[in-house]
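The values are calculated or read from the model by the stated rules, or taken from the named source; none is laboratory data. Predicted model, so just to flag it, every value in this text is computed and none were measured. Cβ coordinates were reconstructed from backbone atoms using ideal geometry, including for glycine residues, and neighbour counts include every protein chain displayed. Side chains included, ligands, DNA and RNA excluded: accessible areas come from the protein's heavy atoms. Shrake-Rupley method; radii C 1.70, N 1.55, O 1.52, S 1.80 Å.
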Amino acid sequence: MLENHIESKTALFADGVHTELRAQENRRRWLTMVQGNIAANGRDETAGVSARVYKNGVYGFSSMAENSGDAAEAVLKAATENALFMDRHINKGKGMFPALGKGTVSTSQTLLDPEQKRYIEFAKEVDAYIEKTYPKLASRYVVVNVDSMEKRIYTSDGYNGHVLLPRSYVNILLSAETPEGVPVELAEPLGGKGNFDDNFTDPALLYPQIDAMYQQLMDKREGVYAQAGYKTVVLGGILPGMLAHEAVGHTVEADLVLGGSVAGPSLHKRVGSDLVNLVDFAHTAFGKETPLPIYLDDEGTPAEDAVLIKDGFLTGYMNNRETAEHFGMNPLGNARAYSFSDEPLIRMRNTAVLPGKDKLEDMIASVDDGYYLVKTNNGQADTTGEFMFGVQLGYEIKNGKLGKAILDTTITGVAFEMLKTVDMVSDEVVWASAGMCGKKQPMPVGMGGPALRCKMMIGGR
């Protein structure tokens, strides 16, 4: 647990400036097993304190790799001096942020940190099951990833808090060869928020998911290449979540809007069909806690949902306190820093397309000639909304029925145009939270969505 050495130092906050004081510890545990052999095995922690001070439109920032009262005093002094120096020379004259109010936010979860032996024994059991059950695989990987971010946050004008975000995953990667000798593979992260022993009590509980994954790999082993062109597709699995994050979410981060993203001139305009709704959820969605719940950001703003697209119209951006004032919007808790030495940036939390009323089976049945795309292995987009995602699992749809699996391919499009073709939305949401968003700093994020029927370009051989 991150000891609290900084609360008493709030008495040193200077008058006439906005101050944020943060102590933070990040932990990582990892293990990679290849063909039953340990290829990587490690643990690390980074901890320290930082202070950020705002005055009249400029910031001063300082950090130190030590969680102590002396370190807190030192970074407060340096950050305040930096802000006052910048204000004298730049003289933006913007004044203080609108008041947020005061309060305290705290998450009740306890951090549990088992010995590395626990991960090794678990991975060995999973690997032994795969080796025994599926001996004809070309290769198998079992990868354990466990990480956490714990923060103590104190602000001069905002909420204080103690927040903890642990997550744990067992990633499975299986590969085989087609009859022609072409390698094919599938990867699947299993787990989610919480400590390792919260998510993984018995290796046998993972076996049904591994069995299903193996069957999908065998489907892919007998797969065909997709026919390239502009096709009707049903985006299932996590693909709508990837779209929500990469192709839409980044364009509506307010710092990127100020940098010229497509969302700037699109505010209050149609960017999707009437069926498209998109929200960056803070901590609760559809009556349940989100995959990576955020209750307080690093500027002391209590986290609330940011509605981004409503009934096909772009309605808002994700902001920090500074951009919220610039755009006349409310800050909703999107300012997050990965490490104690990082300044908070505008980041997504749990970005998802909202569900509709259609059943997935009806969506598939409605397609005469197209594809059902299920799993992605990568994705990228730029601030124009143009995207390209890799598809590692998909199936043909012929006359309303699923056909053969397809080999690896890509899908491309421009988000605000593709979303206008959405004409069916399923009633079930799929979430993912195993990855890191790489905007200047890595950051754990959640993404999700229902299946979408739409039109887009798909690659061929």
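Treating cross-link reach as a plain straight distance, find the lysines whose alpha-carbon is under 21 Å from the alpha-carbon of Lys9, omitting any fewer than eight places away in the same chain.
Partners found: Lys55, Lys77, Lys102, Lys151.
Could you give me the percent of Cα pairs per 10 Å distance bin for segment 253-377, shortest bin first, beginning at zero and ending with the bin that holds the maximum distance?
Each 10 Å bin holds this share of Cα pairs: 12, 35, 33, 15, 5, 0.
What is the dipole size for the chain, taken about its Cα centre, with +1 at each Lys and Arg Cβ and -1 at each Asp and Glu Cβ, in debye to the nearest 20?
Magnitude of the dipole: close to 540 debye.
Could you tell me what % of all Cα pairs in segment 287-328 have separations over 17 Å?
45
So what are the three principal axis dimensions of segment 77-152 from its Cα atoms, in whole Å, longest to shortest?
69, 31, 24
Once you compute Rg and the Kirkwood Rh from C-alpha atoms, what is the Rg to Rh ratio for segment 1-67?
Using Cα coordinates only, the ratio equals 1.25.
Could you give the angle, 0 to 90 degrees to the nearest 10, between helix 207-221's Cα long axis and the longest principal axis of the Cα atoms of the chain?
Once rounded, the angle reads 60 degrees.
Quick check: residue separation of Thr10 and Ile120 times 0.36 nm, minus the Cα distance between them. What number comes out in nm?
Using 0.36 nm per residue and subtracting the Cα-Cα distance, I get 35.3 nm.
Accessible area per residue, 1.4 Å probe, Å², for the chain: what's the number? Please report the intermediate quantities before stating the final value.
Values: 19290 Å² over 461 residues.
Normalised by residue count, the accessible surface of the chain is 42 Å².
For a quick check of understanding: with a 1.4 angstrom probe and all protein chains in place, what accessible area in square angstrom does Ile120 have, to the nearest ten?
Spelled out: Ile120, probe radius 1.4 Å, area about 30 Å².
Using 0.36 nm per residue, how much length does the chain from Asp113 to Lys359 gain when fully extended, once their Cα-Cα distance is taken away?
Using 0.36 nm per residue and subtracting the Cα-Cα distance, I get 84.4 nm.
State the extension gain, in nm to one decimal, for the chain segment bounded by Asp369 and Lys92, taking 0.36 nm per residue of separation less the distance between their alpha-carbons.
On the way: separation 277, 0.36 × 277 = 99.72 nm, distance 5.85 nm.
Full extension from Asp369 to Lys92 adds 93.9 nm.
Please give the FRET efficiency for Thr412 paired with Glu81, using the beta carbon to beta carbon distance and R0 = 60 Å, rounded to the nearest 0.05.
Details: r = 49 Å, r/R0 = 0.82.
The pair Thr412/Glu81 has a calculated efficiency of 0.75.
Write down, largest first, the equivalent ellipsoid semi-axes of segment 1-142 in whole Å, where each equals the square root of 5 times an eigenvalue of the alpha-carbon gyration tensor.
For segment 1-142, the ellipsoid semi-axes come out as 48, 17, 14 Å.
Once R0 is set to 41 Å, what does the formula 1/(1 + (r/R0)^6) return for the Cβ-Cβ distance between Ala99 and Asp382, expressed as a FRET efficiency to the nearest 0.05?
0.65
Can you give me the distance in nm between label points at Ser139 and Asn41, each placed 7 Å from the Cα along the Cα-to-Cβ direction?
2.1
Which value in deg cm²/dmol, rounded to the nearest 500, describes the helix-derived mean residue ellipticity at 222 nm for the chain, given -39,500 (n - 2.57) per DSSP H run of n ≥ 4 and division by the residue count?
-5500 deg cm²/dmol
Got a sec? Charge dipole of the chain, +1 on Cβ for Lys and Arg, -1 for Asp and Glu; which of Tyr317, Leu258, Thr10 is way out at the positive end?
Towards the positive end, the residue furthest out is Leu258.
Using all C-alpha to C-alpha distances in the chain, build P(r) with 10 Å bins and read off the rounded percent in each one.
Taking all Cα pairs of the chain, the binned fractions are 4, 19, 27, 25, 16, 7, 2, 0 percent.
Over the Cα atoms of segment 197-334, what radius of gyration and what Dmax do you get, in Å?
Over segment 197-334's Cα set, Rg and Dmax evaluate to 19.5, 56 Å.
Check each of the GluC sites (Glu not before Pro) in segment 178-254 and keep only those in coil by DSSP with at most 16 other C-beta atoms within 10 angstrom; list them in order.
Passing sites in segment 178-254 are Glu180, Glu222.
Report in % the part of the accessible area of the chain that belongs to carbon and sulfur, leaving out ligands and nucleic acids; probe 1.4 Å.
Roughly 50 percent of what the probe reaches on the chain is carbon or sulfur.
Mind checking which lysines have their Cα closer than 21 Å to the Cα of Lys404? Skip sequence neighbours fewer than 8 apart in that chain.
Within the straight-line limit of under 21 Å, Lys404 reaches these lysines: Lys220, Lys231, Lys375, Lys455.
Counting other C-beta atoms within 10 Å, and keeping those with at most 13, which DSSP coil trypsin sites (Lys or Arg not before Pro) do you find in segment 424-453? Working shown, then result.
Numbers: sites: Lys439, Lys440, Arg453; in loops: Lys439, Lys440.
Passing both the DSSP loop test and the Cβ count: Lys440.
Using only protein heavy atoms and a 1.4 Å probe, report how much of Phe340 is accessible, in Å² to the nearest 10.
20
Counting only C-alpha contacts under 8 Å and six or more residues apart, can you give the relative contact order of segment 255-326 as a whole percent?
Once normalised by length, the contact order is 36 percent.
Taking the Cα centre of the chain as the origin and placing charges on Cβ (Lys, Arg +1; Asp, Glu -1), which of Tyr207, Pro114, Asn330 is farthest toward the positive end of the dipole?
Asn330
Let's see if you can work this out: charge +1 on each Lys and Arg Cβ, -1 on each Asp and Glu Cβ, no other charges. What is the dipole magnitude of segment 184-336 about its Cα centre, in debye to the nearest 20?
Using only the charged Cβ atoms, the result is roughly 620 debye.
Counting other C-beta atoms within 10 Å, and keeping those with at most 15, which DSSP coil trypsin sites (Lys or Arg not before Pro) do you find in segment 76-128?
Values: sites: Lys77, Arg88, Lys92, Lys94, Lys102, Lys117, Arg118, Lys124; in loops: Lys92, Lys94, Lys102.
Here the trypsin sites (Lys or Arg not before Pro) that fit, given the DSSP loop and packing criteria, are Lys92, Lys94, Lys102.
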